[in-house]
1. Enter the angle in degrees (range 0 to 90, nearest 10) between the Cα long axis of helix 322-407 and the first principal axis of the Cα atoms of the chain, meaning the one along which they spread out most.
2. In what order do 483, 156 fall by count of nearby beta-carbon atoms within 10 Å, going from fewest to most?
3. Which length gain, in nm to one decimal place, applies between residue 300 and residue 470 when the Cα-Cα distance is subtracted from 0.36 nm times their residue separation?
4. Label 7 Å along Cα→Cβ of residue 365; the range 269-294 residues with amide nitrogen under 16 Å?
5. Separation of the range 25-75 and the range 212-230 by C-alpha centroid, Å?
6. What value in Å³ per residue do you get for the convex hull of the alpha-carbon atoms in the range 72-126?
7. At R0 = 41 Å, how high is the FRET efficiency between residue 123 and residue 410 if r is their beta carbon distance? Nearest 0.05 is fine.
8. Label points 7 Å out from Cα along the Cβ direction at residue 376 and residue 97: separation in nm?
């Protein structure tokens, strides 16, 4: 059991408290926190009594019971720095460590000291978490088991079902089961999501593997088709090469140099013949020209108008020159005859030359035809050899292509292998996840309401319900309240009928609320691992309780003091409350008297004689 003993609380510039500190030293007994509001005559409301409970809560958790924003926590009149300090011990009854918490606002700071040594963490949040780990009590449990602000918060029985359940689990220290359930649900949901993701990925990988396999088959078929095509080309090329080589073997190449020499000789002779033809043709032309000229001269000798004319100068020839004229005509005729004879000879020579030319041309064409045929044969041989070389090159390329194609690995082999390995890993993971989910289902049942938790709760419920019955009887309540293993409450009135909490009057509900509070305090002390020496009751006597009810509550407080030696602080605005601690016959206790003046709350000495009722 961890014992937490609050020693001293110091409040300054917090809510209505001003620059002058309000200090509370916690001591065993029943203490009444009351006061007077001088700003309002004969009023005890708004004094700042609840500030003590708020300050204690603020020191531990960093916020107020009323959940005020930080800018509204500082006193707006004094404008000083807000400071709340709490001193307490933690340990066993014999050995303990002394701690001190100091919380400041404007600026916000939080310090914690252990045995005088600074243990403050790097941030305010981390320091608050450290404090909460020390006291090991949630805010809700602290509010309902240490600071019982019955009239300022929703009573337990008026809370929602889930809130009741959560609170009782906190009291019974069963949060571990809820935490386990929450963690299991998170893990379960994570595994379910992971399983769904893995199943989706599995389907995708299987689809990809199917596509890869189809692509692999297509690639293999394409490879076979190409190999068949290449080998078919090889065979066709071999056949073509054999045919070409056979042709090259059969072709006889003729030497054309002899024909070319003959052509050159014939060509020379042909040129000579053409030259002679030209020369003879010129002679024939010359003879024809001379014959024509001589014929014209002969005609010119005929007398113009019957008179002879000289064919040269066209001068009339005298009659005594006629003999001369006749002689000239005879010469012309002789010359014509001579030219005609030459012309006949030249024509005969020309015919012979043309015959020779034709013969030469024929012989040249014959030899040129042979030369051309030889060239054609050579060109054909060259073409066949070129084709042979091309085919041989193609064959080499085909051999390389076939070799590369046969060596070529299917690019989908590695992909399929990787996909298959991945698919196997995914399927194994799916089986693993299914196994974990199955295990979690079992664990969930074990820690569920129907599992071991139900078994443990049943063991505790007898004590819880007996405590409730005890305090309801002590409060002279007219009903019985008990919880089942699912923390579902049932209220039975004095007539044996099942009722709702809201069927009862305000005072009757107050009895039920107080019975629950005292029960929870006892269960927390018995069941938990933390014991607090202080309990604060806000307006415990101020509403719904009549005089008899107050006496019954005081008897319970007396019993608690005798049993646990508690430091009990009751906040009240009733004037007669200052006498409650003396009526309780509790040996120790006192009155913390607060006074509010000009909006500032201070603690003043209490004079019992002045406030005697």
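Rule-based calculations on the coordinates, nothing more; no lab input. What you see is a predicted model, and the numbers here were worked out from it, not measured in a lab. A quick note on method: Cβ atoms are made from the backbone with ideal geometry, for glycine too, and the neighbour counts reach across all protein chains shown.
1. Compared with the principal axis, the helix lies near 30 degrees.
2. 483, 156
3. 42.4 nm
4. Inside the label zone: 270.
5. 89
6. Value for the range 72-126: 106 Å³ per residue.
7. 0.10
8. So the two model labels end up 12.0 nm from each other.
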